[in-house]
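This report refers to the structure that appears directly beneath it.
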Amino acid sequence: MYSAVVNSPETELAADISATDTTITVLDASKLAAAPNLFTIGADETAETVKYTGISGNKLTGCVRGFNGTAKAWVAGASVARYFTAADHEAFRENITDLDGRLESVKAIADTAETPAGAQAKADAAQAAAISAANTHSDGKIGDLSKLNTLDKSNAVSAVNDLYKSTVLASPNLIKNSTALLGLEGWIAQSDPSLGQWGYDINNPTTGGGFWTNSAVGSTDYKLLRSEDIHVNQGSSYHLQAMFATSDLPNDSRVYIEVVNAVAPYNIILTLLADPKRWWHRKAVTFVMPSGVSSVFVRLVVNNVPEGAGTSFARIKLAETPYDTPYSNEADAVVLSGIVNNLSAVIRRGTGSPEGVVTASVGTMYLRSDGATSTTLYIKTSGSGNTGWTAK
């Protein structure tokens with residue numbers, strides 16, 4: 001969509017033009033929007049909308065004639081302005097249709113996704129099973145060598161004990177959007193904007209998704225991306241794991257993840273350092289949450305990286321467990337539920353006009369499924385009740 005100009009101020013053609021001229025001179029090009037954009041010659045049903053790609057002084061260059069309407073000759077003095085055009089309406093309609101389709105896709109995902117209540121119920125059940133098992137097997141094992149009748153007792157008991165630890169004692173991931181499948185939702189950039197933005201990948205064939213950066217970061221600079229605050233229990237064992245990709249980096253670059261106390265003075269509790277110059281690799285560590293800590297956040301850190309050298313983080317998991325459990329993303333359901341609720345709050349759909357029927361706040365959009373030209377989209381422009389809807 002092309003930008004508009006407030007109140008559509010008018011200027012005029014400075015000279016006669018033919019139906020094929022592609023450079024058009026006006027009296028005051030400052031009345032029009034920056035290129036590329038649209039302007040309209042005339043103001044009635046004979047008007048012609050023209051697209052231009054450049055401005056040089058008062059000359060509009062690269063003009064596409066008859067972008068809406070019919071290209072024709074015009075005389076000097078004909079009015080020229082950035083009016084709302086059929087092209088604008090069509091672009092708006094296409095964007096709304098695309099947004100509606102995306103909303104349907106998000107809702108379809110949400111309908112099949114684990115709900116926060118369901119995830120919590122499963123976590124509670126897993127915790128109860130772990131406590132019950134721990135009461136029976138206080139050493140975290142389900143057997144011993146003397147009671148196992150096999151030719152290879154040591155390997156068999158170790159395998160069964162490992163299986164017990166990784167399944168019965170598994171705990172959910174506490175980090176929301178832990179591998180960027182929902183973009184940067186739930187994450188906050190903390191570094192100087194001059195260090196560049198963080199990016200994300202939702203189609204990585206190795207990890208499924210991940211956070212990345214390839215902008216230059218000096219030896220005294222730190223590019224930071226932090227999660228939302230996470231509730232934790234002091235004195236409990238926690239396990240942090242992540243995958244890193246650092247193969248493009250020199251040996252003196254530093255890439256790591258920190259667990260930070262979310263309460264000032266924001267002490268760093270733990271650092272998980274990536275290996276230098278390696279393709280995707282997994283690092284993990286178990287630690288005890290210090291006394292007095294009730295909430296933390298996870299922070300991605302990049303230091304001393306040259307321009308264009310890609311750095312990636314993926315499959316980040318913080319779980320309340322002393323064991324190295326498989327990656328999972330239970331907390332993503334909470335983020336997804338919030339996205340769907342927010343979209344549902346600002347976009348309504350139905351049949352008939354919403355005026356006098358649909359109660360909403362200013363800025364809400366209403367998509368009318370049985371509407372026609374100029375009555376398909378409504379915007380709530382005033383009031384807090386069911387009036388104040390304007391058709392677009």
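The values are calculated or read from the model by the stated rules, or taken from the named source; none is laboratory data. None of the values given here were measured: they were computed from a predicted structure. No Cβ is skipped: glycine too gets one built from the backbone with ideal geometry, and neighbour counts run over all protein chains shown.
Brief remarks follow.
- Of the set (1) among the acidic types (Asp, Glu); (2) surrounded by fewer than 14 Cβ atoms within 10 Å (Cβ to Cβ); (3) touching a Pro at 6+ places or on another chain (Cβ under 8 Å), all apply to Glu330 but (2).
- Qualifying residue in the range 287-299 (condition: among the hydrophobic types (A, V, I, L, M, F, W, C), assigned to a loop (DSSP other than H, G, I, E, B) and modelled with pLDDT of 90 or more): yes
- Scanning the range 272-281 for residues that are touching a Phe, Trp or Tyr at 6+ places or on another chain (Cβ under 9 Å) and exposed (fewer than 15 other Cβ atoms within 10 Å of the Cβ) yields Leu273, Asp275, Arg278, His281.
- Some residue of the range 248-255 being within 25 Å of the chain's Cα centre (by Cα), part of a strand (DSSP E or B), assigned by TED's automatic domain parsing to the domain that holds Arg315 and buried (at least 16 other Cβ atoms within 10 Å of the Cβ): yes
- Of all residue pairs spaced 6 or more apart or on separate chains, those with beta-carbon atoms under 8 Å, a first member in the range 259-276 that is closer than 13 Å to Val293 by Cα and a second member that is part of a loop (DSSP other than H, G, I, E, B) and polar (S, T, N, Q) are Val260/Asn267; Asn261/Asn267; Val263/Ser294.
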